[in-house]
Amino acid sequence: MARGRTSIIFKGGEHNGLEYHDVALPLPNRIRYSKGVCFAGSLEKDDIQIIKFSEKLPNNWISYSVDVYVKEEKENKRKLGSIYKYKGEEMVNRCEATTQKGTLCKHNALDNDIYCGAHKKIISK
Ligand SMILES: [Zn+2]
């Protein structure tokens with residue numbers, strides 16, 4: 001393995017045993033694995049759809065769920081690869097702010113908030 005690259009292995013949950021090789025360092029502490037299904041539509045119209053997506057979210061997405069994996073601290077630093085352990089499922093919600101163009105903000109809301117970082121700053125002023 002080249003310097004600055006490593007392998008990661010997922011343990012538990014839906015992705016148990018999944019491996020990725022030649023991953024660039026440094027590694028994040030958490031990896032959120034999209035389940036590829038989202039809620040989409042308009043909250044005002046009370047008409048929500050469940051949409052499957054592969055990579056790109058549809059423009060009218062509202063929320064989607066992810067499997068969260070957390071990096072385990074290694075006992076032996078020289079051992080190859082890092083293990084990510086399944087921690088549970090989380091919802092990712094869309095920021096509820098409206099942009100100057102009148103469209104819904106495209107960013108994720110912060111955890112335990114209805115706005116993204118940028119809109120939280122503007123609105124709390
Ligand atoms: Zn926003």
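The values are calculated or read from the model by the stated rules, or taken from the named source; none is laboratory data. Predicted model only: the values in this text are computed from it and were never measured. Because the Cβ atoms are built from the backbone with ideal geometry, glycine has one as well, and the counts that use them run over all protein chains shown.
For segment 66-74, state whether one or more residues are out of contact with any strand residue (DSSP E or B) (no Cβ under 9 Å at 6 or more places or on another chain) and within 16 Å of the ligand (Cβ to nearest atom). There is no residue in segment 66-74 that is out of contact with any strand residue (DSSP E or B) (no Cβ under 9 Å at 6 or more places or on another chain) and within 16 Å of the ligand (Cβ to nearest atom).
Restricting attention to segment 98-122, report how many residues are aliphatic (A, V, I, L, M) and within 9 Å of the ligand (Cβ to nearest atom). Total satisfying the criteria: 4. The residues listed here are Ser34, Ser82; of these, the one that is modelled with pLDDT under 95, within 30 Å of Ser7 (Cα to Cα) and in contact with a Leu (Cβ under 6 Å, 6 or more places away or on another chain) is Ser82. Of the set (1) more than 16 Å from the ligand (Cβ to nearest atom); (2) at pLDDT below 90; (3) over 29 Å from Leu27 (Cβ atoms), all apply to Lys125 but (1). Checking the stated criteria, Glu14 turns out to be touching a strand residue (DSSP E or B) at 6+ places or on another chain (Cβ under 7 Å), in a loop (DSSP other than H, G, I, E, B) and exposed (fewer than 12 other Cβ atoms within 10 Å of the Cβ).
A residue that is under 17 Å from the mean Cα position of the chain (by Cα) and over 19 Å from Gly88 (Cα atoms) occurs somewhere in segment 21-30. Among the residues of segment 84-124 satisfying the criterion of being basic (Lys, Arg) and in a loop (DSSP other than H, G, I, E, B), which is surrounded by the fewest Cβ atoms within 10 Å (Cβ to Cβ)? That would be Lys101.
Take Asn29 and tell me if it is modelled with pLDDT of 90 or more, surrounded by 14 or more Cβ atoms within 10 Å (Cβ to Cβ) and within 19 Å of Asn108 (Cβ to Cβ). Considered against the rule, which asks whether it is modelled with pLDDT of 90 or more, surrounded by 14 or more Cβ atoms within 10 Å (Cβ to Cβ) and within 19 Å of Asn108 (Cβ to Cβ), Asn29 comes out as no.
Each row is one residue, and each column tells you yes or no for (1) farther than 23 Å from Asn16 by Cβ; (2) of a type outside the set (Ser, Thr, Tyr).
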| residue | (1), (2) |
| --- | --- |
| Arg30 | no, yes |
| Tyr33 | no, no |
| Gly36 | no, yes |
| Gly41 | yes, yes |
| Asp47 | yes, yes |
| Ile50 | yes, yes |
| Asn59 | yes, yes |
| Glu72 | no, yes |
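Among residues of segment 98-125 that are more than 22 Å from Lys56 (Cα to Cα), those with a Cβ under 8 angstrom from a residue that is more than 8 Å from the ligand (Cβ to nearest atom) and among the aliphatic types (A, V, I, L, M), sequence gap 6+ or separate chain, pair up as Lys120/Leu110.
Taking the stated definitions as given, is Lys56 free of Cβ contacts under 8 Å to residues at least 60 places away in the same chain, surrounded by fewer than 14 Cβ atoms within 10 Å (Cβ to Cβ) and within 15 Å of the chain's Cα centre (by Cα)? Criteria met by Lys56.
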